[in-house]
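Taken together, the values in this text are just the output of simple stated rules run on the coordinates, not laboratory data. The structure displayed is predicted, hence computed values, not measured ones. FYI the Cβ positions are ideal-geometry reconstructions off the backbone, even for glycines, and counts take in every protein chain you see.
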Amino acid sequence: MQKLTFPKNFVWGVAASAYQIEGAWNEDGKGQSIWDTFSHTPGKIANGETGDVSIDHYHRYKDDVARMAELGIPTYRFSVAWPRILPEGSGKVNAKGLAFYDRLVDTLLKHKIEPYLCLFHWDLPQVLQDKGGWPERATAYHFAEYAHIVTARLSDRVGVIMTHNEPWVAAFVGHFLGDHAPGSKDLGAAIKAQHHILLSHGLAAEAIRAEARQPVKIGITLNLNPVHPATDSKKDREAAQRVDAIMNRIVLDPLLKGTSPIEEFALAKLLTGKVIQPGDLEKIRMLDLLGVNYYSRAVMKHSSKIPVVNVEQVHPAGNEYSGMWEIYPEGLHELLMRIWKDYFTPSPFDRLRAAPPASSRSTPLGLPKGKGEGGMPEIMITENGVPVPDGLDFDGRIRDERRIRYLQNHIAQVHRAIQDGVPVKGYFHWSLMDNFEWALGYGQRFGLVYVDYKTLKRTVKDSGRWFAKVIAENGMIVE
Ligand code: GCO
């Protein structure tokens with residue numbers, strides 16, 4: 001038996017997002033989002049489900065926050081629905097939309113829960129989609145306008161503003177794989193969307209800095225995976241490298257190095273022309289808090305299954321799987337060590353190389369600049385969780401031992417990474433409550449709190465009480 005204790009002031013929290021929990025899809029002046037459009041399109045979402053009502057957090061937020069407080073959860077990462085604030089995507093502000101987030105933040109603070117606000121969790125205003133969406137550069141500037149409005153209203157009480165959640169998913173799952181809104185299958189559009197979303201992060205950072213009514217930590221959350229070749233063959237190793245470039249490096253390099261693998265792909269230039277314009281990469285490289293969303297690893301082989309990229313994900317037999325992915329806890333340690341080594345640790349070459357002009361967004365050694373240790377961005381796990389089928393037992397309890405085991409094993413890997421020198425500052429569980437899992441509808445449950453989708457009754461699961469104990473003790477006992 002061993003007690004794993006986390007550093008003092010380690011941030012424990014839970015995460016959720018507007019479209020997945022709020023409902024009230026067309027209430028109080030909210031405009032339509034691309035996810036309203038997508039979920040209303042037959043065949044896009046399992047069982048024809050939508051986020052129209054979801055778990056009705058828009059009306060039940062007071063109880064949901066009170067339940068968080070009962071569990072002793074000190075931090076809540078939520079997202080703001082852009083179309084609630086700007087129903088047309090820009091221009092006229094919807095006062096009732098802003099008022100909802102005012103109330104939510106005040107309720108969190110009343111319960112001594114710190115708000116971590118995320119500006120964009122995929123629900124782009126449909127009006128902007130109709131004007132080209134993220135493949136259109138102008139959308140990045142509308143995002144900065146939106147960031148300015150939210151910062152002006154809430155930054156007196158909100159000290160952490162994340163610009164985006166998983167820009168890679170919004171860009172590639174939404175515009176190349178087509179499984180998410182807006183549902184296109186166009187690699188050029190996906191690459192343009194990826195760059196413009198990152199550019200919008202930089203533009204929004206400037207807007208937040210200019211408008212913030214207190215010192216605000218500016219962050220972004222990225223879905224990142226260790227990528228392993230299916231075999232040791234040259235073709236599979238090259239396939240894994242391609243996926244690492246187009247899934248991990250395509251977001252990490254611009255944010256932390258000021259470069260982009262897009263410039264390495266001749267094809268990208270062919271497909272997108274000069275999508276990266278002079279000064280863009282300098283604007284993007286602005287970060288105080290790197291949020292890492294980890295769920296599993298990716299095992300890839302060379303294949304023509306996904307055209308152009310010529311890769312295919314494989315699922316090794318004999319391992320443990322959840323409802324959506326392989327369960328691979330050691331991948332979280334591997335990922336954190338890689339990020340620290342490749343992006344936060346000056347290589348001998350960096351030290352030898354004459355220090356580049358220390359731009360306003362980097363440290364003398366050209367390392368990323370932020371408000372964390374050594375003037376670099378802080379690192380937190382901003383999402384980690386597992387979809388397992390939960391149900392009420394005869395006595396009304398939800399004995400979700402698999403989720404508790406998943407949490408134990410992954411939190412232990414965070415502790416291991418900290419012991420190995422990576423200053424991870426926080427861990428957020430995905431998610432507080434069962435909710436709408438995008439194209440999979442309500443079929444995958446991630447919550448620490450069970451939701452009966454007929455009655456919307458909430459019931460704390462065993463994992464919720466287990467996580468509450470980890471928070472209270474700032475650590476856990478492991479075998
Ligand atoms: C994501 C999103 C969440 C998902 C969760 C489970 O990471 O994909 O941030 O909205 O629901 O990760 O897939």
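Spatially, segment 250-280 and segment 315-345 are offset by 26 Å when compared through their Cα centroids. Modelled label positions at Lys457 and Lys131, each set 7 Å beyond Cα in the direction of Cβ, lie 4.7 nm from each other. Based on C-alpha pairs under 8 angstrom that are at least 6 apart in sequence, segment 106-197 has a relative contact order of 33 percent.
Relative contact order, whole percent, for the chain stands at 17, derived from Cα pairs under 8 Å and 6 or more residues apart. Between His429 and Gly13, Val14, Ala15, the built amide H atoms are under 5 Å apart, and every one of these is 5 or more places off in sequence or on another chain. Between amide H atoms placed 1.01 Å from N, distances below 5 Å from Glu312 occur with Lys301, Ser303, all of them 5 or more places distant or on a separate chain. Taking a Cβ cut-off of under 12 Å around Glu401, the surrounding Lys, Arg, Asp and Glu residues balance to a net charge of +2, with basic ones at +1 and acidic ones at -1. With the helix formula -39500 (n - 2.57) applied to DSSP H stretches of n ≥ 4, the chain reaches a computed 222 nm mean residue ellipticity of -10500 deg cm²/dmol. The calculated FRET efficiency for Glu401 paired with Glu473, based on their beta-carbon distance and R0 = 22 Å, is about 0.65. In this label model, Asp102 and Glu145 are separated by 2.2 nm, measuring between points 7 Å along each Cα→Cβ vector. Using a simple spin-label model with pseudo-atoms 7 Å out from Cα toward Cβ, Val93 and Glu330 lie 5.2 nm apart. For Lys217, the residues 5 or more places off, or on other chains, whose built amide H falls under 5 Å of its own are Val160, Ile161. The Cα atoms of the chain give a gyration tensor whose axes a ≥ b ≥ c have a/c under 1.5, which makes the shape rounded. Phi angles across segment 118-124 convert, under the Karplus curve 6.51 cos²θ - 1.76 cosθ + 1.60 with θ = phi - 60°, into 3J(HN,Hα) values of 10, 6, 9, 10, 5, 8, 5 Hz, Gly and Pro given as x. Partner lysines whose Cα lies under 23 Å from the Cα of Lys192, excluding those fewer than 8 positions away in the same chain, are identified as Lys131, Lys257, Lys269, Lys274, Lys283, Lys305.
A simple rule links phi to the HN-Hα coupling: the Karplus curve 6.51 cos²θ - 1.76 cosθ + 1.60 with θ = phi - 60°, which for segment 152-164 gives 4, 7, 10, 6, 5, 10, 10, x, 10, 10, 8, 6, 10 Hz, with x for Gly and Pro.
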